[in-house]
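Remarks on the structure that follows.
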Amino acid sequence: MLREPETRDRAAFIELLASPDVHTYLGGPRPRDELEREMPEAPERWPGSFVVELDGAMIGRILLRRATEHHRPAAAGKVDLGYLFLPRAWGFGYAAEACAAALDWLEGVLPGEPVVLATQTANVGSMRLAAKLGFTEVERFRAWDADQWLGLRPPVLPSA
């Protein structure tokens with residue numbers, strides 16, 4: 001289930017952001033004590049920010065936000081899809097299901113909007129998820145000392 005972040009999600013947000021496994025391809029985790037100090041009791045809410053819930057508990061987060069200052073020209077101004085899932089939720093298809101639901105939500109809010117996704121090429125799971133969601137390669141580039149992949153999901157065209 002996708003829903004807005006709530007106060008009860010704070011511990012799961014900290015776990016997600018402090019996890020070395022989750023941040024293997026994202027520059028490394030943040031220190032847990034720093035997160036405990038800095039994270040507000042109630043997570044910030046905005047359209048396109050979703051908690052992924054399973055059996056009453058947060059297992060991940062999905063963000064859809066306009067990439068106004070993206071460092072890749074092909075992505076600038078487009079909606080960017082980002083996602084983080086706790087390791088215990090990996091391998092069950094939850095990310096694909098939740099990301100597809102978030103993209104469906106976006107289509108209802110901004111019909112015909114193209115979406116971009118960037119990931120490290122070494123992140124095989126994320127590359128598979130991008131393909132499953134209909135993203136196709138726009139370019140490969142080097143950033144943050146790693147090879148990166150930028151994919152585009154073209155706008156969904158209305159049925160005839």
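The values are calculated or read from the model by the stated rules, or taken from the named source; none is laboratory data. In this text, all values refer to a predicted model and were calculated from it rather than measured experimentally. All Cβ positions, even for glycine, are placed from backbone atoms using ideal geometry, and neighbour counts span all protein chains on display. For accessibility, only protein heavy atoms count, side chains too; no ligands or nucleic acids. Shrake-Rupley method; radii C 1.70, N 1.55, O 1.52, S 1.80 Å.
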Query raised in the report: Picking from P20, L152, A118, whose Cα lies most toward the positive end of the charge dipole for segment 10-160 (charges on Cβ: Lys, Arg +1; Asp, Glu -1)?
Result: L152
Query - Neighbourhood charge, 12 Å Cβ-Cβ cut-off, centred on L81 and excluding it, Lys, Arg +1 and Asp, Glu -1 - result: +3
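Provide the net charge surrounding E139, with neighbours chosen by a C-beta distance below 14 Å and charges set as Lys +1, Arg +1, Asp -1, Glu -1.
Net of charged neighbours comes to +2.
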Report task. Give me the accessible area per residue for the chain, probe 1.4 Å, as a whole number in Å². Result -> 56
Report task. Apply the Debye scattering formula to the chain, with a single equal point scatterer on each alpha-carbon and no solvent, then give log10 I(q)/I(0) at q = 0.16 Å⁻¹. Result -> -0.97
Requested in this report: For G60, list long-range residues whose amide hydrogen, built 1.01 Å from N in the peptide plane, is under 5 Å from its own amide hydrogen.
Outcome: V52, L86
Query raised in the report: Is segment 1-77 rounded, prolate or oblate when judged by the Cα gyration tensor, a ≥ b ≥ c being the square roots of its eigenvalues, rounded requiring a/c under 1.5 and prolate requiring a/b larger than b/c?
Result: oblate
Query raised in the report: In the neighborhood of R32, defined by Cβ-to-Cβ distances under 12 Å, what is the net charge if each Lys or Arg adds +1 and each Asp or Glu adds -1?
Result: -3
Report summary line: Sorted by chain and then number, the residues having a modelled amide H within less than 5 Å of the amide H of D80, at least 5 places away or on another chain, are R65, R66, A67, V116
Query raised in the report: On the accessible surface of the chain, probed at 1.4 Å, how many percent belong to carbon and sulfur atoms?
Result: 54
**Report entry** At least 18 Å along the helix axis (C-alpha) and Kyte average at least -1.0, DSSP helices within the chain
**Finding:** 94-109
Query - Length released on extending from R3 to R140, taking residue separation times 0.36 nm less the Cα-Cα span - result: 46.0 nm
